[in-house]
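Undergrad: Next up is a structure, given as structure tokens.
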Ligand code: MF3
Ligand code: CO
Ligand code: CO
């Protein structure tokens with residue numbers, strides 16, 4: 001990576017908006033299918049069906065083959081409880097009362113990507129689990145509120161880390177937000193921790209994700225043998241929320257808006 005950050009034109013941002021809004025709509029659609037007793041595979045299959053029916057493509061399917069690592073084998077990521085990110089849907093994984101799960105979807109429409117994720121609660125999770133989910137959602141929001149021309153990319157992570165740690169939680173360092181356009185993952189990297197004033201200044205036309213992963217316990221993660229699934233090293237809970245964001249003249253636009 002050269003460190004060059006692409007600035008998108010108004011026309012390109014309109015394409016990102018179309019893809020982003022559709023991705024957000026898919027997260028909403030899946031709500032009705034997330035139930036105690038269903039498999040994460042069934043959620044993948046419904047997402048795949050819906051995506052095709054809407055003329056879009058799933059970016060994760062077949063993505064990211066790299067050396068020893070095989071391409072991602074499903075259309076969505078389902079990350080349950082101690083899974084930090086990139087959980088692989090499976091017919092053997094049945095959702096149970098008290099689980100917390102992130103579903104992460106990335107759709108491609110006319111070549112442009114919309115990338116977003118949210119948490120789903122199954123039945124009655126513990127008070128700590130519910131607090132972790134709420135804090136993580138607020139972390140994403142606090143990060144987004146730092147987005148405007150002239151602010152530094154490091155301000156996003158600083159705002160997130162300050163709040164997460166004030167609540168007794170920790171910020172995952174091994175996975176970061178990313179520039180996104182007609183490319184799935186590109187410059188800049190958006191760390192969800194860091195120092196105020198660090199990093200490049202934001203400019204109108206930059207488009208990137210903010211996707212903090214916040215852990216109940218320690219921040220360290222480890223990779224399972226499938227070379228995709230990342231879990232917390234201490235096996236405590238992890239939560240994540242993601243939006244795709246454009247830098248505008250005066251601030252930000254959420255390209256993957258979602259009403260609760
Ligand atoms: N959607 C994830 C992100 O937020 C990336 C998933 S890549 C996959 O960047 F291959 F695991 F699907
Ligand atoms: Co992303
Ligand atoms: Co994502």
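Read the figures in this text as sums done on the coordinates, not as results from a lab. Source: prediction; values computed, not measured. Neighbour counts are summed over all protein chains in view; Cβ atoms, including those assigned to glycine, are modelled from backbone coordinates with ideal geometry.
Undergrad: Inside the stretch 70-80, can you point out the residues that are more than 16 Å from ligand 2 (Cβ to nearest atom) and touching a helix residue (DSSP H, G or I) at 6+ places or on another chain (Cβ under 8 Å)?
TA: Initially, the stretch 70-80 is screened for residues more than 16 Å from ligand 2 (Cβ to nearest atom), giving 70-71, 73, 80.
Of everything in the stretch 70-80, just one residue is more than 16 Å from ligand 2 (Cβ to nearest atom) and touching a helix residue (DSSP H, G or I) at 6+ places or on another chain (Cβ under 8 Å), namely 80.
Undergrad: In the stretch 209-233, which residues are in a strand (DSSP E or B) and within 11 Å of ligand 1 (Cβ to nearest atom)?
TA: Taking the stretch 209-233 first, the residues in a strand (DSSP E or B) are 209-210, 213-215, 221-223, 230-232.
Within the stretch 209-233, 209, 210, 213, 230 qualify.
Undergrad: Under 8 Å between Cβ atoms, at least 6 apart or on separate chains: pull out the pairs that start in the stretch 170-189 with a residue that is over 20 Å from residue 147 (Cα atoms) and in contact (Cβ under 8 Å) with a residue 12 or more places away in the chain and end on any residue that is part of a loop (DSSP other than H, G, I, E, B) and near ligand 1 (Cβ under 8 Å from one of its atoms).
TA: Short answer, once both residue conditions are applied: 184/59; 184/63.
Undergrad: How about the stretch 159-180: which of its residues are away from ligand 3 (no atom under 16 Å from the Cβ), in a loop (DSSP other than H, G, I, E, B), surrounded by fewer than 18 Cβ atoms within 10 Å (Cβ to Cβ) and at negative phi?
TA: 167, 173
Undergrad: Counting just the residues of the stretch 111-158 that are assigned to a helix (DSSP H, G or I) and more than 19 Å from the chain's Cα centre (by Cα), which one comes out surrounded by the fewest Cβ atoms within 10 Å (Cβ to Cβ)?
TA: Initial filter on the stretch 111-158 (assigned to a helix (DSSP H, G or I)): 127-144, 153-158.
Keeping just the survivors that are more than 19 Å from the chain's Cα centre (by Cα) gives 127-128.
Details: 127: 8, 128: 13.
The residue in question is 127.
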